[in-house]
Amino acid sequence: MSVEPWACPQDQTATEQAQSTQPSQDQEQHLDKLCLDSFWSEVETIRQGSGDTDLDCSRRDSRQSEEGEQEEQWLADAGLSTLIQDDSEDVDNVVLLSTLTRTQAEAVKRRLDSYTLRKKDKPPPRDVREIFRPPIAQTLLPESKNSEELEKGIMASVTKTPMSVTPEHHRSAPKEEFLFTDVAYCEQAVIFLKQAKLPQNNSQNSQRRKDDGTLPMVVCPKCRLGVTRIQDLSPADMKKVRQLALIDLTALCDLLELEVKRHKTTKRKIPDNSLFGVPLATLLENDQKIKPNATIPFFLQILLSFLEKKGIDSEGILRVPGSQSRIKLLQQNLEAKFYSGHISWDEVSPNDAAALLKKFIRELPAPLLTAEYLNSFSAVREITELKQKLHMLNLLVLLLPEPNRNTLKALLEFLSKVVSREKKNRMNLWAVATIMAPNLFLHKAVPSRLTEGAEKGQAEKAADVMRLLIRYQDLLWTIPNFLVSQVRKLNENSNRRYQFYDRRFKNLLRKIHTDNREKPEKSNSEPCRTVKIQNGDQESGTMEFQLNMNSRASDLLSQFQRQFLLSPENGKGKTRKNGSVVYPDCALYEVGGNIGEHCLDPDTHLQDLYNSNPGGEWVIKMKPNAGKGP
């Protein structure tokens, strides 16, 4: 099994450099004090900007959902709202519920129970027992024997490495952790909690908590179907990913006893501005009229580009405040002249631009992490296990709306570059995380408990979540294997809906379907697949490809390049040192069958892919943004 390290290569280099020049204890203590002072300075700036004396009491633009509203909205977001409708049929519900694990199904049942109790005075919804009664319950909840087998399988994969505890921010020898994504995160949590109760593990964990060290390098064993990143799936399949991710996140929070309240942001009057205080979706919609493939607001893109070129090496960038008068004047000029192109950045101070970046994030009418999930992101700081923190963050990133997720990624990529220049700007990961945490986790639209309790402890907890987002962003922007598998199963069940429609004939129809299915003839020869070649929306040809156990997507693309794109003279190819030609803009997609459309990892083993989705077609085409500007 091959292993891909998800950690950013710059972090490892930075760690090695840091070890060769260990700062003195006095210098570290001084840096910690600067970070802590800057944290509370950012909090005070946000308070003054919000016009409130106490952020914790700010509820003008946010309210907790009323009794029963939380559960009703949750069921709608999870694609299960028909469970509480009297006139609905079971078909769509069973199709989704049949893909869930035992722990996920129990989380759904708890939400239905809670909804029923909270809506006592209203006409009762359908009985929960009716929804989960056999034979549907047999599909949802595996028998005890199967559960034990599942548990043993999880134990075998998850416990290959000891449980981790998030280390302190002080430097020490780097560690290594393995993150497994083949098993649902909530099911892994079940095993973790059982292990934690064992006496020998309790003593080991208490000993580990005393160790200081940098964040470990996290490596994720790559399965034979490769890695699926967020942008690799079709919008229809991503909608299913979000529904399943919400269910798994809820089950995980239930197990970890995290009570997370979702808030609703009421409609606010949008200021008559073109940049600051404008909703992300509105900014992006306006920018896409100019450049259709824009994924983040132009203003943010240009601001980050300026800071990367002019400010990334400035000592104390993000921490050193700019001039308030200059910042105010710059903001006014940007509002008036940005889209006309009459803004000159030559005389702009990097510290002023950095302050403007934080101001832009703070003044969004809704939090960048959204009003619905901001408290969930904040709750990650209460989790002890590093792996479970990453599990929860991974699911939360998947749940963010696309404009928010893309904007957050652009911000984190910039912050990672700042950290990589630590030797020049004296801003390490802990310093950057401490400065940026209040700007992401405090917002006037959502009450927060971030400023409660011991000051140093609260600052460190908030910064800890921020540094996890920066450090492990590549891993967090992938779709775990178990969710991809559940989406495939959901699509398969949707294609066989009639099997779920009438329980009296379900088994008979399944038998007829199985008996009438043409059984493939066994052949000793290696299978051959026809691959479609697509140019734009039109099919331009086909190609035959011989499969074997070691065939990968990269091998198929290499054959395509040799057959159809023989030389780089067409302007699309790049010549390697060994003389071979590479066309990075082309990708292999699987289309149809049990998936909508899936851009494949070059390391995907094609024989396994065929076995997983024999009904899917393989198509070579250009990537969506290939050849276009950012």
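The values are calculated or read from the model by the stated rules, or taken from the named source; none is laboratory data. Computed from a prediction, not measured in an experiment: that's the story for all the values here. So basically every Cβ, Gly included, is an ideal-geometry build from the backbone, and we count neighbours across all protein chains shown. Protein only, heavy atoms only, side chains kept; ligands, DNA and RNA dropped before computing areas. Shrake-Rupley method; radii C 1.70, N 1.55, O 1.52, S 1.80 Å.
Out of (1) assigned to a helix (DSSP H, G or I); (2) modelled with pLDDT of 90 or more; (3) surrounded by 15 or more Cβ atoms within 10 Å (Cβ to Cβ), the odd one out for Lys239 is which?
Result: Lys239 fails condition (3) only.
Tell me yes or no: at least one residue of segment 318-337 is closer than 20 Å to Lys409 by Cβ and in contact (Cβ under 8 Å) with a residue 12 or more places away in the chain.
Yes: segment 318-337 contains one or more residues that are closer than 20 Å to Lys409 by Cβ and in contact (Cβ under 8 Å) with a residue 12 or more places away in the chain.
Looking at segment 417-433, is at least one residue more than 30 Å from Lys310 (Cα to Cα) and open to solvent by 10 Å² or more (accessible area, probe 1.4 Å)?
no
If you check Ser305, Ser340, which single one turns out to be exposed (fewer than 14 other Cβ atoms within 10 Å of the Cβ), assigned to a loop (DSSP other than H, G, I, E, B) and without any contact (Cβ under 8 Å) to a residue 60 or more places away in the chain?
Just a single option satisfies the conditions, and that option is Ser340.
Which members of segment 288-297 meet the condition of being surrounded by 15 or more Cβ atoms within 10 Å (Cβ to Cβ) and without any contact (Cβ under 8 Å) to a residue 12 or more places away in the chain?
Ala294
Being among the small types (Gly, Ala, Ser) and in a helix (DSSP H, G or I) is the filter; apply it to segment 187-222 and report the residue that is modelled with the highest pLDDT.
The residue in question is Ala189.
Looking only at segment 223-236, filter to residues that are surrounded by 19 or more Cβ atoms within 10 Å (Cβ to Cβ) and outside any helix (DSSP H, G or I); which one of those is modelled with the lowest pLDDT?
Quick first cut of segment 223-236, residues surrounded by 19 or more Cβ atoms within 10 Å (Cβ to Cβ) only: 223, 225-228, 232-233.
The next check asks that each one be outside any helix (DSSP H, G or I); those that pass are 223, 225-228, 233.
Details: Cys223: 91, Leu225: 94, Gly226: 95, Val227: 95, Thr228: 96, Leu233: 96.
Top of the filtered list is Cys223.
With respect to the numbered conditions (1) touching a strand residue (DSSP E or B) at 6+ places or on another chain (Cβ under 8 Å); (2) assigned to a loop (DSSP other than H, G, I, E, B); (3) modelled with pLDDT under 90; (4) open to solvent by less than 30 Å² (accessible area, probe 1.4 Å), which one is the sole condition not fulfilled by Pro174?
(4)
Given the options Leu476, Leu509, Leu490, Leu483, name the one that is in contact with a helix residue (DSSP H, G or I) (Cβ under 7 Å, 6 or more places away or on another chain), modelled with pLDDT under 75 and of a type in the set (A, V, I, L, M). Working first, answer last.
Numbers: Leu476 fails: modelled with pLDDT under 75; Leu490 fails: modelled with pLDDT under 75; Leu483 fails: modelled with pLDDT under 75.
The unique qualifying residue is Leu509.
Would you check which residues across segment 356-367 are open to solvent by less than 20 Å² (accessible area, probe 1.4 Å) and hydrophobic (A, V, I, L, M, F, W, C) and list them?
At the first step, the residues of segment 356-367 found to be open to solvent by less than 20 Å² (accessible area, probe 1.4 Å) are 356-358, 360-361, 364-365, 367.
Scanning segment 356-367 gives Leu356, Leu357, Phe360, Ile361, Leu364.
For segment 238-259, give me each residue that is more than 15 Å from the chain's Cα centre (by Cα) and charged (D, E, K, R).
Asp254, Glu257, Glu259
Being among the aliphatic types (A, V, I, L, M) and open to solvent by 80 Å² or more (accessible area, probe 1.4 Å) is the filter here; which residues of segment 311-335 pass it? Even if it seems obvious, please write down each step before you answer.
Filtering segment 311-335 down to residues among the aliphatic types (A, V, I, L, M) leaves 312, 317-318, 320, 327, 329-330, 334.
Correct list: Leu329 only.
Under 7 Å by Cβ, and 6 or more places apart or on different chains, what pairs join a residue from segment 103-120 that is modelled with pLDDT under 85 with one that is open to solvent by 50 Å² or more (accessible area, probe 1.4 Å) and part of a helix (DSSP H, G or I)?
Tyr115/Glu72
Looking only at segment 439-460, decide whether some residue is at pLDDT 80 or above, closer than 25 Å to Lys387 by Cβ and crowded, with 20+ Cβ neighbours inside 10 Å.
Yes, that holds for at least one residue.
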